[in-house]
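One structure below.
The values are calculated or read from the model by the stated rules, or taken from the named source; none is laboratory data. Just so it is clear, the structure is predicted and the values come from calculations on it, not from any experiment. So basically every Cβ, Gly included, is an ideal-geometry build from the backbone, and we count neighbours across all protein chains shown. Accessible surface is based on the protein model in full, side chains and every heavy atom, while ligands, DNA and RNA are left aside. Shrake-Rupley method; radii C 1.70, N 1.55, O 1.52, S 1.80 Å.
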Amino acid sequence: HHGNGTEAIFIDRPDVLTISLHQENNFPFDSGAVTVQGDGAGKGYNKNIPLPPGAGHDMYLYAFDQIVTPALRQFKPELIVIASGFDASGVDPLSRTLASADTFRQMTRKTLALADELCQGRVAMSHEGGYSELHVPFCGHAVIAEMSGFDVDAGDPLGERMIKNESNARVRAFHRELVDEMAQELT
């Protein structure tokens, strides 16, 4: 869900870039719009990326590449802190997105590479959401394994289901257009 608490804390600060990649109109229902980009001195330092229900692996990684990566490169952080919410999991009772453990693994891999490039590898992550007792452990394991370089893969018993539920090529292209529009609005 939208990183509303983090946004509220830093909304007017130009020294902290906040980025929230979340399902649109999920929770809280009236927050997380792409148009909320900061207040006062913090204008432009809050990036909301509200994805439509049904967004999955492809859309999360595409949004990361098109919006998160350029925003971090432009900001040049001293440290990247991730409030990792696994409620984007395809079986989470809160959201209707289709992220798999591999989605979280790949976003972690991309974040670590950016941290190496931008801030001497300084990255911290905290678990901040995810309500599927069945799937959160696999998502969390994927992230921790990626961060630690641990080569034991716990797999994802629902990964194949997530792939089969992923949108077809036509819908993925439409989703990418939405992300491209958000990227333009957030620059």
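Quick notes on this structure:
- When shorter helices are ignored and each DSSP H run of at least 4 residues is given -39500 (n - 2.57), the per-residue value for the chain at 222 nm works out to -12500 deg cm²/dmol.
- Those chymotrypsin sites (Phe, Trp or Tyr not before Pro) in segment 1-49 that DSSP places in a loop and that have at most 14 other beta carbons within 10 Å: PHE29
- Applying a threshold of 20 Å to the alpha-carbon distances of LYS110/LYS164; LYS47/LYS76; LYS76/LYS110 flags LYS110/LYS164 as lying beyond it.
- Listed residue (ASN165, HIS1, LEU186) projecting farthest to the positive dipole end of the chain, Cβ model: LEU186
- Computed about its Cα centre, the charge dipole of segment 41-147 is approximately 380 debye, with only Lys, Arg, Asp and Glu carrying charge at their Cβ.
- Area accessible to solvent at ILE163, 1.4 Å probe radius, in Å²: 130
- Among PRO50, PRO28, PRO137, residue whose mean-square fluctuation peaks in a GNM of the chain (springs only between Cα atoms under 10 Å): PRO28
- Pair-distance distribution of segment 110-183: all C-alpha pairs, bin width 10 Å, starting at 0; shares per bin in whole percent are 15, 29, 40, 17.
- Extension gain, ALA8 back to ASP153 (0.36 nm per residue minus Cα-Cα distance, nm): 48.6 nm
- Accessible surface of the chain [probe 1.4 Å, protein heavy atoms]: carbon and sulfur percent: 54
- Relative intensity, log₁₀ I(q)/I(0), of segment 1-119 from a Debye sum that treats every alpha carbon as a point, q = 0.11, 0.17 Å⁻¹: -0.34, -0.83
- Segment 153-171-segment 42-84 distance, computed between alpha-carbon centres (Å): 22
- Relative contact order, percent, the chain [alpha-carbon distance under 8 Å, six or more residues apart]: 22
- Only protein heavy atoms count here; on that basis, with a 1.4 Å probe, LEU79 has an accessible area of about 90 Å².
- Heavy atoms of ARG13 accessible to a 1.4 Å probe, total area in Å² rounded to 10: 90
- Spacing of the two label points (7 Å from each Cα toward its C-beta) at CYS119 and GLN184, in nm: 3.1
- Debye, to nearest 20: dipole size of segment 28-92, +1 on Lys, Arg Cβ, -1 on Asp, Glu Cβ: 320
- Choice from VAL91, VAL81, VAL136 showing the highest fluctuation, given a GNM over the chain with Cα pairs closer than 10 Å: VAL81
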